[in-house]
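Colleague: Mind looking over this structure? Questions follow.
The values are calculated or read from the model by the stated rules, or taken from the named source; none is laboratory data. All figures in this text were calculated on a predicted structure; none of them were measured in a lab. Every residue, glycine among them, receives a Cβ derived from its backbone with ideal geometry; neighbour counts consider all protein chains shown. Heavy atoms of the whole protein, side chains included, go into the accessibility calculation; ligands, DNA and RNA do not. Shrake-Rupley method; radii C 1.70, N 1.55, O 1.52, S 1.80 Å.
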Amino acid sequence: MGCTQGKCCLPLPRRGRGGPGGHAEVPGAGMVLEYATLAVAGLYPDSPGRESQDAHLVATRFAGDPDLHLLAVFDGHGAAGAACAGFAREALPRLLAAAAGGGSLAADPAAAFREAMLGANAEMHAAAGVDDFMSGTTAVAALVAGGALHVANVGDSRAVAGVWRAGRVVAEDLSWDQTPFRADERARVKACGARVMSVEQVEGMRDPESEGWVPDEGDPPRVWARDGLYPGTAFTRSLGDLAAEEVGVIAEPEVKSVEITPAHLFFVVASDGVFEFLSSQEVVDMVAMYQDPRDACSAITAESYKLWLEHENRTDDITIIIVHIRDSEIVLQGATKWTVLASEHQ
């Protein structure tokens, strides 16, 4: 007998090409970026009118500089999550552009990112139209600056590059998920007075002192106030989340900078709607299957959506940006970088 209102009856997203895309030259590095984006609202059967809480941005020729290109994803949460993500999407590039105009972005990108994210967090707290007391957003931003790539992250959205090594495309993580699964982050929030427990531990169903959490099995470890059942965040850094700041949930990003080499084929910036059930390597493998980043966006989004429904009766919001890194001369020849590398490896 078929199910009634079960997982098999829930709709999958339409399969087609990804959303808006384009090209951007990086003349100082002799590169061309070919990018695509796709955002799919989550499926919440109990809240059919729920708006997506994800936001993203692609700002080519950032701050008027042809060698600067900014791409970012924001994953909101809480009752005002959509407002928090939208606020961050406006504030972060504005504050980074001010740093670019003052010269600090070029001189010290990591410091500029930290100042911009902390500034966006402070502005969100003060904004009259955004209630971020128990709401907030993750933020992962990638800045192409000539021949370098700088990635700043707060939360559990993620950036990853596809790098050609020994005849295959290998995932190189460009950010680190900031969750209580990480021993260093767990110790940091505990030092601020937080308790770290899963919902089962809070409800007395498991030993509250046990730290044997397993990813993708049961409720994850969460951050709680010492004497309260809040905020219950499954991440240790974010923008907003004013109530969580008192127990160590901070807006200071971790920043990673890499030199873009000929082996760097592409990079991905995406919400945890993608990475909840797909590893970085699995995402990179899927990107490498498609010449057009729009097709890769569609394939990864559809696979992520399907995996959510295999595990739960809902899906998260899913947002992905894929950027192919082309060599300008190879583009003029009508080839792609990895077809050239593959031929050289044979």
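Colleague: Of the numbered conditions (1) of a type in the set (Asp, Glu); (2) over 24 Å from Ala251 (Cα atoms); (3) open to solvent by 50 Å² or more (accessible area, probe 1.4 Å); (4) free of Cβ contacts under 8 Å to residues at least 24 places away in the same chain, Asp216 satisfies every one except a single condition; which is it?
Modeller: For Asp216, the exception is condition (4).
Colleague: What is the residue count in segment 182-213 for residues that are open to solvent by 80 Å² or more (accessible area, probe 1.4 Å) and of a type in the set (A, V, I, L, M)?
Modeller: 2
Colleague: Continuing with the same structure: Which condition does Leu239 not pass, out of (1) open to solvent by 10 Å² or more (accessible area, probe 1.4 Å); (2) at pLDDT 95 or above; (3) of a type outside the set (Val, Ile, Thr); (4) out of contact with any Lys or Arg (no Cβ under 9 Å at 6 or more places or on another chain), if it passes all the others?
Modeller: Among (1) open to solvent by 10 Å² or more (accessible area, probe 1.4 Å); (2) at pLDDT 95 or above; (3) of a type outside the set (Val, Ile, Thr); (4) out of contact with any Lys or Arg (no Cβ under 9 Å at 6 or more places or on another chain), the lone unmet condition for Leu239 is (1).
Colleague: Here are some residues: Pro66, Pro20. Which one is at pLDDT below 95 and farther than 19 Å from Leu92 by Cβ?
Modeller: On inspection, the qualifying residue turns out to be Pro20.
Colleague: Going by the structure shown, is Arg114 in contact with a strand residue (DSSP E or B) (Cβ under 6 Å, 6 or more places away or on another chain), within 21 Å of Leu242 (Cβ to Cβ) and open to solvent by 40 Å² or more (accessible area, probe 1.4 Å)?
Modeller: Considered against the rule, which asks whether it is in contact with a strand residue (DSSP E or B) (Cβ under 6 Å, 6 or more places away or on another chain), within 21 Å of Leu242 (Cβ to Cβ) and open to solvent by 40 Å² or more (accessible area, probe 1.4 Å), Arg114 comes out as no.
Colleague: If you take the residues of segment 97-111 that are in contact with a strand residue (DSSP E or B) (Cβ under 8 Å, 6 or more places away or on another chain) and under 25 Å from Val249 (Cβ atoms), which of them is surrounded by the fewest Cβ atoms within 10 Å (Cβ to Cβ)?
Modeller: Among them, the one singled out is Ala110.
Colleague: So, Arg314, is that one open to solvent by 10 Å² or more (accessible area, probe 1.4 Å) and modelled with pLDDT of 95 or more or not?
Modeller: Here the answer is no, as Arg314 does not meet what is asked.
Colleague: Is at least one residue of segment 252-264 open to solvent by less than 10 Å² (accessible area, probe 1.4 Å), out of contact with any Ser or Thr (no Cβ under 7 Å at 6 or more places or on another chain), under 29 Å from Ala83 (Cα atoms) and at pLDDT 95 or above?
Modeller: yes
Colleague: Residues being at pLDDT below 95 and either within 12 Å of Gly42 (Cα to Cα) or touching a Gly at 6+ places or on another chain (Cβ under 8 Å) (or both): count how many of those fall in segment 319-337.
Modeller: Counting residues in segment 319-337 that are at pLDDT below 95 and either within 12 Å of Gly42 (Cα to Cα) or touching a Gly at 6+ places or on another chain (Cβ under 8 Å) (or both) gives 3.
Colleague: If you don't mind, another one. I'd like the full set of residues that are within 12 Å of Val274 (Cβ to Cβ) and either open to solvent by 70 Å² or more (accessible area, probe 1.4 Å) or in contact (Cβ under 8 Å) with a residue 40 or more places away in the chain (or both), limited to segment 284-298.
Modeller: Val284, Val287, Ala296, Cys297
Colleague: When the residues of segment 286-318 are filtered to those that are under 18 Å from the mean Cα position of the chain (by Cα) and acidic (Asp, Glu), which remaining residue is farthest from Val40 (Cα to Cα)?
Modeller: Taking the candidates together, the pick is Glu303.
Colleague: Can you find a residue that is open to solvent by 40 Å² or more (accessible area, probe 1.4 Å), free of Cβ contacts under 8 Å to residues at least 60 places away in the same chain and of a type in the set (A, V, I, L, M, F, W, C) anywhere in segment 132-140?
Modeller: no
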